[in-house]
Amino acid sequence: MRIYFCNRYVTPDLSATSQLLTDLSTHLATRGMQVTLVGSRQRYDDAQATLPETERIDGVDVLRVGNSRFGRDGLAGRALDYLDYSRGVRRELTERLQPGDVVVAMTDPPLLGSALGRIAARRGAHCVHWLQDLFPEVAEAVFGGAVRMAAAPLRGWRNRGLRRSAQVVVISEGMAVRIAALGVPRERIMVIENWTDAESIRPLAAQDNPLRREWGLEGKFVIGYSGNLGRAHDWRTMLEVATRLRDRDDIRFVLIGGGRGLHEFSDEATVRKLDNVILKPYQPREALAHSLSLPDLHWLTLAPALEGCIFPSKWYGILAAGRPSLFIGKLDGEVAQRLHASQIGHAVAPGDVDGACAGIERLAGDPELVSAMGARARRLLDAHFTRDATFQRWDTMLTSIQTSP
């Protein structure tokens, strides 16, 4: 089987989707499949990067297309990067695809699967949509009615592409419900949740974590955020929490990653002179075992309007590190329900500064409760969300496509 995975960011980029692709493609290559990653020459956190056009890494061919370098900060520039990448990947697949090949299109740029599905059909190949989020629903939720009318034709085009696909892979049950409502047959919708490296990322005691010493956090209760903090996330509630708890010398807030929201959080924290806030860039993958086990409590967030459109993949790394979570979002949404059912954290609505502060102060004063929640989090991962179990679902799905008439 020849498989082409298409996503703007591919190895050695450190973004979540790139790391997922690295894991899955390497696994499939070890099973004898011919795997090619088709990405851009940028990095998620460095638009000016000029990664090689071609490489072979761990048995996987890497092909990079496009030359634009506008980056993620401006919407217009990002749109031009999208178009440049889309044009390049369409050109490459038009030349390379053969009957029976499989194209797996992720969602960066948005609607990529619909664009590539037509090329796959003309070449006798199969197209799989691997949805990490739903567009244009995400844009409508973030920007409101201003984009709704413009997005209507895009939604129709997207829906037709989903209905024609060989398979639609979604990352949560809530997303599966949304896709089924668009007219995609339920038997062609498969929930395959994201994963993390549960072997290298394991629970680590605070006294054994070198980052605690390097970053001056020994003896502190640490609330952490890891990854992209963007338009889909509520950072203002946690900023107010950090402001209210600024006089608690035993509590620190550590944000690791990037994104528009993190930059705005940083700017506002500087204006407010919040000495209890520490900001760090994305950490290399080999350092995740330490960076994810650094916090005593992880902070998760998702705008309520985006329930079923996005599921925070960073949650799996939190489980692997054996840490509880504080979720800021929809109280009856999928993340909040999982935290409550498994007793591994709690949820508050956006703007509920009192509730968030109360939860943090309660855990800061009860290390045994933190430890118990963390142990349950790790057990949940081991029981339901291991990488091997996830890969088996991918193997089954791809085999079924290969053997379908």
Considering only residues that are among the hydrophobic types (A, V, I, L, M, F, W, C) and within 23 Å of the chain's Cα centre (by Cα), which ones fall in segment 71-101?
Leu75, Ala76, Ala79, Leu80, Leu83, Val89
Give the residue, chosen from Val104, Val142, Val138, that is touching a strand residue (DSSP E or B) at 6+ places or on another chain (Cβ under 9 Å), within 23 Å of Asn228 (Cα to Cα) and not in a loop (DSSP other than H, G, I, E, B).
Val138
Considering only residues that are modelled with pLDDT under 95 and acidic (Asp, Glu), look in segment 77-99 and name the one that is farthest from Thr54 (Cα to Cα).
Asp81
Can you go through Lys314, Lys330 and tell me which one is surrounded by fewer than 24 Cβ atoms within 10 Å (Cβ to Cβ) and under 21 Å from Pro203 (Cβ atoms)?
Lys314
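Results for (1) in a loop (DSSP other than H, G, I, E, B); (2) over 25 Å from Thr94 (Cα atoms); (3) among the charged types (D, E, K, R), shown as yes or no for each residue.
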{"site": "Phe5", "(1), (2), (3)": "no, no, no"}
{"site": "Leu14", "(1), (2), (3)": "yes, yes, no"}
{"site": "Ser18", "(1), (2), (3)": "no, no, no"}
{"site": "Asp23", "(1), (2), (3)": "no, yes, yes"}
{"site": "Gln48", "(1), (2), (3)": "yes, yes, no"}
{"site": "Val62", "(1), (2), (3)": "no, no, no"}
Could you please give the count of residues in segment 169-188 that are in a helix (DSSP H, G or I) and either of a type in the set (Val, Ile, Thr) or surrounded by 12 or more Cβ atoms within 10 Å (Cβ to Cβ) (or both)?
9
Of the residues that sit in segment 115-130 and are farther than 19 Å from Leu28 by Cα and buried (at least 22 other Cβ atoms within 10 Å of the Cβ), which one is farthest from the chain's Cα centre (by Cα)?
Ala120
May I ask you to say which residue of Arg236, Arg213, Arg244, Arg231 is of a type in the set (D, E, K, R), in the same structural domain as Asp267 (by TED's automatic domain parsing) and touching a Cys at 6+ places or on another chain (Cβ under 9 Å)?
Arg244
Answer yes or no: is there a residue in segment 67-75 that is in the same structural domain as Leu93 (by TED's automatic domain parsing), in a helix (DSSP H, G or I) and at pLDDT below 95.
yes
Look at segment 282-293 and say how many of its residues are under 17 Å from Gly258 (Cβ atoms) and either among the polar types (S, T, N, Q) or not in a helix (DSSP H, G or I) (or both).
5
Residue hits (segment 36-79; surrounded by fewer than 16 Cβ atoms within 10 Å (Cβ to Cβ), aliphatic (A, V, I, L, M) and over 24 Å from Gly257 (Cα atoms)) are Ile57
How many residues of segment 159-168 are part of a helix (DSSP H, G or I) and buried (at least 18 other Cβ atoms within 10 Å of the Cβ)? The answer is 2
Hey, among the residues in segment 224-278 that are touching a His at 6+ places or on another chain (Cβ under 9 Å) and outside any helix (DSSP H, G or I), which one's surrounded by the fewest Cβ atoms within 10 Å (Cβ to Cβ)?
Gly259
Name the residue that is farthest from Glu199 (Cα to Cα), counting only residues in segment 369-379 that are buried (at least 18 other Cβ atoms within 10 Å of the Cβ) and among the hydrophobic types (A, V, I, L, M, F, W, C).
Val370
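The values are calculated or read from the model by the stated rules, or taken from the named source; none is laboratory data. Values in this document were obtained by computation on a predicted structure and should not be read as measured data. Don't worry about glycine lacking a Cβ; one is built from the backbone with ideal geometry, like all the others, and counts go over all protein chains shown.
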